[in-house]
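A quick write-up on the structure given underneath.
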Amino acid sequence: MDMRLASLFTGGKDSTYATRLAAENDEVAYLVTMHPEREDSWMFHTVNIRLARLVADAVGIEHVAAATGGEKERELEDLKRTLAGLDVDGVVSGAIASTYQRSRVDRICDELGLEHKAPLWGRDGRELLEEMLSAGLVIIVTAVAARGLDRRWLGRVLDAAAVEGLAELNRRFGVDICGDGGEMETLVLDAPWFRRRLEITRAETVWDGVSGGYLVKEARLRPKTQIHKS
């Protein structure tokens, strides 16, 4: 019997692709986005997080947004309360290698009697990123915070050349190719299963010499020239 799931969703590549994989076998009923009041949330994505609603609209799954103070550990209670109010059997996360994230979602699921599905967990970073691109995800980099990831990466569309660049940075500096340790944040603009595509109409690049962000000021959903079937 198919499970009814809520997916922890940011609009970034990991949560978007994890949602897609989970939907192949179960029903993803909700895309859940937590909005931290602090930029240094331990658990949740913050860069361009308000755009998760637009990406959810593009995917075509009901979006649930909830605020959190963003304080370490206390923010987990905010997530728990949000999930407790949903009619679901399990939770999907885009965790790849972060035991901090996975262990805490595991704990919340145990307390609520839910199953935690992490379809990306333990995957090789390069293989996974190449798989995402082969699946047709259009991904841009929205934040960087690691040695070797400079201003030029901000707003960059990930492609084969970018994967090679990330692999080289991994060899030289140990940068996680998927950015799972917070080295890189992303935003998905389109995928074959999206009903519409996200178009950025105004953005600002900020850089402090060590880290930075590609901050989207205005964006909208646009019709796709060709409708892809799921």
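Computed quantities for the displayed model
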read-out	value
Output for the stretch 141-185, where each listed residue is within 20 Å of ALA95 (Cβ to Cβ), outside any strand (DSSP E or B) and touching a Lys or Arg at 6+ places or on another chain (Cβ under 6 Å)	ILE177
Subset of the stretch 152-172 [farther than 22 Å from VAL206 by Cα and of a type outside the set (D, E, K, R)]	ALA160, ALA161, VAL163, ALA167, ASN170
Matching residues in the stretch 74-125 - criterion: being within 16 Å of THR19 (Cα to Cα) and part of a loop (DSSP other than H, G, I, E, B)	VAL88, ASP89, SER93, GLY94, ALA95, ILE96, ALA118, PRO119, LEU120, TRP121, ARG123
Complete set of residues in the stretch 136-181 that are loosely packed, with under 14 Cβ neighbours inside 10 Å and within 22 Å of THR10 (Cβ to Cβ)	GLY136, VAL157, ASP159
Considering residues of the stretch 36-46 that are buried (at least 18 other Cβ atoms within 10 Å of the Cβ) and not small (Gly, Ala, Ser) only, the residue modelled with the highest pLDDT	PRO36
One residue from GLY155, GLY179 being in contact with a strand residue (DSSP E or B) (Cβ under 8 Å, 6 or more places away or on another chain) and at pLDDT below 95	GLY179
Residue match in the stretch 201-208 (condition: in a loop (DSSP other than H, G, I, E, B) and closer than 26 Å to GLN101 by Cα)	no
So ARG197, is it touching a residue at least 24 places away in the same chain (Cβ under 8 Å), assigned to a loop (DSSP other than H, G, I, E, B), of a type in the set (D, E, K, R) and touching a helix residue (DSSP H, G or I) at 6+ places or on another chain (Cβ under 9 Å)	no
Qualifying positions in the stretch 128-140 - outside any loop (DSSP other than H, G, I, E, B) and not hydroxyl-bearing (Ser, Thr, Tyr)	LEU128, LEU129, GLU130, GLU131, MET132, LEU133, VAL138, ILE139, ILE140
Yes/no for LEU133 being in the same structural domain as ASP180 (by TED's automatic domain parsing), free of Cβ contacts under 8 Å to residues at least 60 places away in the same chain and under 20 Å from VAL55 (Cβ atoms)	yes
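The values are calculated or read from the model by the stated rules, or taken from the named source; none is laboratory data. If you're wondering where the values come from, they're calculated on a predicted model, not measured in any experiment. A quick note on method: Cβ atoms are made from the backbone with ideal geometry, for glycine too, and the neighbour counts reach across all protein chains shown.
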